[in-house]
Amino acid sequence: MQNSRIDQSANRNGAPMGSRRLPPPKAASGEAINFATVFDFLRRSWRIATPAGLVLAAIACAAIYFTFVPKYRATAWLKIKPWVGGIVSDLPQDGSWLETQLQLMQSPLVIDPVLAQPQVTRLTEIKNRGDNASAWLRSTLRVQSAGRSNLYQVSMDVAERNDGVVLIDAVLQAYYDLQEHEEASRMQRVIELLNQEQERRVNKIESMRSGLHQLVKQATGKEPVGPYWNSEFFSATNPLADLERQIVEVESERELIKAKLNARQEQVSHAKFEPTESEIQQAIDRHAQTQEWQTFLAAQKTQLAKTEKALKAGKNDPEYKRQAAEIVRHEAAYQEFRTKFAEQLHDDIVRERQNAVGADLAALNSQIDDIQLRLDELNRRYTSRRTELQEASGHTLDIEFARADLEREQEVHDVIADRIVKLQTELGLIEPRVEILRFAQAPSSPVEAVPTKKMTMAGVGAFFVPFLLGFFWERTLRRISDPNQLREQSGFEIIGEIATLPVSTGMVRRRSDRVSDDLGLYRESIDSLRTSLVLSHPIEEMRILAICSAVKGEGKTSISSQLAVSLARYCGERVLLIDGDMRDPDIHEIFDVAREPGLSALLAGECTATEAVVTTSSELLDVIPGGRLRRNPHALVTEGKLKPLLQELGQTYRYIVIDTPPILAASESLVMARCADASIMCTMRDVSRIDQFRTACERLDGAGAFAVGAVLSGVPQRQYSYRYGHYYPNHPR
C-alpha cells in the first residue's frame, strides 16, 4: 500500500508516533462557574428540572398547608411611666429604667409565679411544653413600644385561642403586683434613709456654724452681729464657687444612690428566694420524665387490672401478687425520683432568683463607684486650689472658706430635703407608675388563615432544588458543551464540528424546505471535516482512518458512514467502510445490506475479503459489515490478522474508514486504531464526558495509536449556522 503510513517516528508535533501527551486534567471544582456554565446547564436540564421543581414545589406547599397550625394572637396594652403626677422622679434619664421594666416582665421573678398558678398549669400550651414551659413563655411573650410613647403592647401567638388570653393576663397581673409592691416598699425605705442622712447633715451644719462664729469673734474681737455671711471679712466673690457647686451636685447624687442601694440590700436580705412546695411540685409535674413515669405506672396498673380479671384466683394468684409487688417497687422508685428532683429544682429556682436581684445590686454599686470617682477628683481639685489660695493670702481667707464649707453643706442638705419631698409626693399619689390599660381579649381569627409566606418560601426553595441538584450533578459529570471547553480540558485539536442530523419524520409538507436546508447543513459539516482531513499536513497522506469514541452514543457510527460517503464523493475513487463494532454492529442497517458474513467471519478465516465486502447503492462505496460474532473479539482482532488484511484491502481502495467499537467498553478498538494511519476521537455535545474522553485518549496514546484530533457532533443547526454561516443556492433566502 503506497504511503499507507507516514513517517513512523514522528507525528505532526515532532513527537514519536502515538506519544501525544495530554495536559493534566482540570478538577471540576476548579472550573469557574460563569454565565456560560449556568446557561449550558439550563439548556440541557430545564425540560426535566422544571416539571420536577413544580412537583416538589407543590409537595412542599401541600406539606406546609396540611401541617400548618393556625396561631391566635392575644394582645394587651399597658402604660409604663417614669414620672408620676407630673413630678419627674429620680429615675435614670437614659431609658434604662424602662428597659429594666420590660426585662422584669419576662424574668423568672414574674414567669415562675405565673406558671405556678392552677389556671395556668391546666392550659394545653403549658402541658405540651412540659419542662420547657418557662423558656417557651419567655420567648413567645413579646413586648413592643408604640412609637416613642410610654404605651406598650404585650402579645403572644399560641395555637389555642383562649390560652394566650389567660397567659398574658396572668403575666401582667404578676408583673403589676411585683412592680408596685417592690416600688412602694423600696421608696419608703429610701425616704427613711434620706431622713437619717438629713438629720446627720443638720447636726453637722450647726457645728460648722458654731465654728464660723468663733472665727469671726477672734478676728474682730467682738461678738458678730447680724447674719454671719454679711461680715465685712467676707469677700464679694468666692473663687472656688464653681467647684463647690459641682461637689454639691455630685455629693447629693451619691447620697441618693447610696440610700437606694441600702434600701435594696435590706429588701434583698429579707427577701425569700425559697420557692413554695406547690411551685416545686408543679414544676416536677411538668417535667417530661415525670410524665413518662406516670404513663408507665398507669400502664402497669391497667395491666394488673386485666390480670386480675383473667386469673381465676384473682388477687390471690401468685402472678397477680408478683405484678402488684412490682408496681409497689416502681412507685417507690418514682417517689425517690421526685424527692431528688425536688432538691435539684429548689436549688435551680433559688439560684435563678438570686441572679436576677444580684444584677440590680451590681448596677447600683457600679453607679456609686462612678460617682465616687468623680467626687474624689473634684475634692482633690478643690483642696489643691484652696491650699494655693491660703498660701498666697495667709489666714485672711480662713473665714471665707469656713463660710463656703457651711454653705456647701447647707446646699447638700437642701437637695436631700427636696428629694425627700418628691419621693413622699410620689409615694402618696394614687396613680400607679404601671397602668394596665386593657387586659387581653380572645382573638376572633388566627394571625393568618393560610401560611402564604411560608408556602411561598417553601415552594420557591423546593422548585430550585432539582436545579441545584442537577447543576452539581452536571458539574460532577462534566459533559462537553462546546469546542472551546473540549480543547481546554483535553488539549486535543478540534478538527471539525458536525451539525445535528435533521429528523424529518412527522414534519408537515410546508416545512420540507427547512428540512432540506438542515440536511444540507449537516452534509456541509461532514464535507468540512473531510476537507480538513485530506488537505491538512501531515494527515493528508493517511488513507486508513479509525473513527473512535470513548463510549457508545457519541455519534461515531454516523460520522464514520457519512465521512466514507463524503470521501468517495470527493476523490471519485472507491472507498471502503468497515464496521469494526462486531459486538453491536449498525452499518448494515444504515446502508440496508446483509449483516453476514462480515468482518467477524473474515477475521476468523471463514470467508475471503471479496466475499465479506458488500456493495452499496453507491458505486464508489463498499462496506464490510460487522457480521455475527461467534468468538471472543480479542482473539479475532489481533495486529497480526488485522494489519495484513488492511494492507491487502488498501491495494483496492483509496480510503478505508473503520468504525471502531467504544474504547472504554471494548479494548479491541485499540488494536484497530493502532493498525490505522490515524485515529479520530468523536464526542457528542451534551453527552460526552471530559473524564471519559481523557481516559480513552490516554489508552489510545498507550496503545501507540496516532490520534489526530477530536470531532464534536450534535451541534445545533442554528448554532452551527451562526458560527460558520450558511449558503444554500437552491433555496435563496
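Filtered by the rule that a residue be farther than 23 Å from Ala707 by Cβ and buried (at least 18 other Cβ atoms within 10 Å of the Cβ), the range 468-498 gives Gly470, Phe471, Glu474. Would you check if there is a residue in the range 601-609 being in contact with a helix residue (DSSP H, G or I) (Cβ under 7 Å, 6 or more places away or on another chain), under 18 Å from Ala546 (Cα atoms) and surrounded by fewer than 17 Cβ atoms within 10 Å (Cβ to Cβ)? No, that holds for no residue.
Conditions tested, residue by residue: (1) surrounded by 24 or more Cβ atoms within 10 Å (Cβ to Cβ); (2) within 20 Å of Asp584 (Cβ to Cβ); (3) modelled with pLDDT of 90 or more.
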position: Ile624; (1), (2), (3): yes, yes, yes
position: Arg628; (1), (2), (3): no, yes, no
position: His634; (1), (2), (3): no, yes, no
position: Val637; (1), (2), (3): yes, yes, no
position: Gly650; (1), (2), (3): no, no, no
position: Ser667; (1), (2), (3): no, yes, no
position: Cys675; (1), (2), (3): no, no, yes
position: Met681; (1), (2), (3): yes, yes, yes
position: Arg694; (1), (2), (3): no, no, no
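Selection of the range 480-529 for residues being touching a helix residue (DSSP H, G or I) at 6+ places or on another chain (Cβ under 9 Å) and either part of a loop (DSSP other than H, G, I, E, B) or modelled with pLDDT under 65 (or both) yields Ile480, Ser481, Asp482, Gly491, Phe492, Glu493, Thr500, Leu501, Pro502, Val503, Ser504, Met507.
Scanning the range 110-168 for residues that are surrounded by fewer than 16 Cβ atoms within 10 Å (Cβ to Cβ), in a helix (DSSP H, G or I), free of Cβ contacts under 8 Å to residues at least 60 places away in the same chain and not hydrophobic (A, V, I, L, M, F, W, C) yields a total of 7. Close Cβ contacts (under 8 Å, 6 or more residues apart or on different chains) running from residues in the range 247-258 that are farther than 13 Å from His413 by Cβ and touching a residue at least 24 places away in the same chain (Cβ under 8 Å) to residues that are assigned to a helix (DSSP H, G or I) and among the aromatic types (Phe, Trp, Tyr) comprise Ile247/Tyr382. If you go through the range 96-109 and pick out every residue that is in a loop (DSSP other than H, G, I, E, B) and in contact (Cβ under 8 Å) with a residue 60 or more places away in the chain, you end up with 1. Of all the residues in the range 447-467, those that are exposed (fewer than 13 other Cβ atoms within 10 Å of the Cβ) and in contact with a Gly (Cβ under 7 Å, 6 or more places away or on another chain) number 0. In the range 305-320 there is no residue that is of a type in the set (Lys, Arg), in the same structural domain as Ser252 (by TED's automatic domain parsing) and at pLDDT 80 or above.
Rundown of residues vs (1) modelled with pLDDT of 85 or more; (2) outside the structural domain of Asp581 (by TED's automatic domain parsing); (3) surrounded by fewer than 23 Cβ atoms within 10 Å (Cβ to Cβ), yes/no style:
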residue	(1), (2), (3)
Thr531	yes, no, yes
Val534	no, no, yes
Ser549	yes, no, no
Glu554	yes, no, no
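Restricting the search to the range 696-719, which residues are assigned to a loop (DSSP other than H, G, I, E, B) and buried (at least 24 other Cβ atoms within 10 Å of the Cβ)? The answer is Ala705, Phe706.
The values are calculated or read from the model by the stated rules, or taken from the named source; none is laboratory data. Please read these numbers as outputs of a predicted model, since none were measured by experiment. Cβ coordinates were reconstructed from backbone atoms using ideal geometry, including for glycine residues, and neighbour counts include every protein chain displayed.
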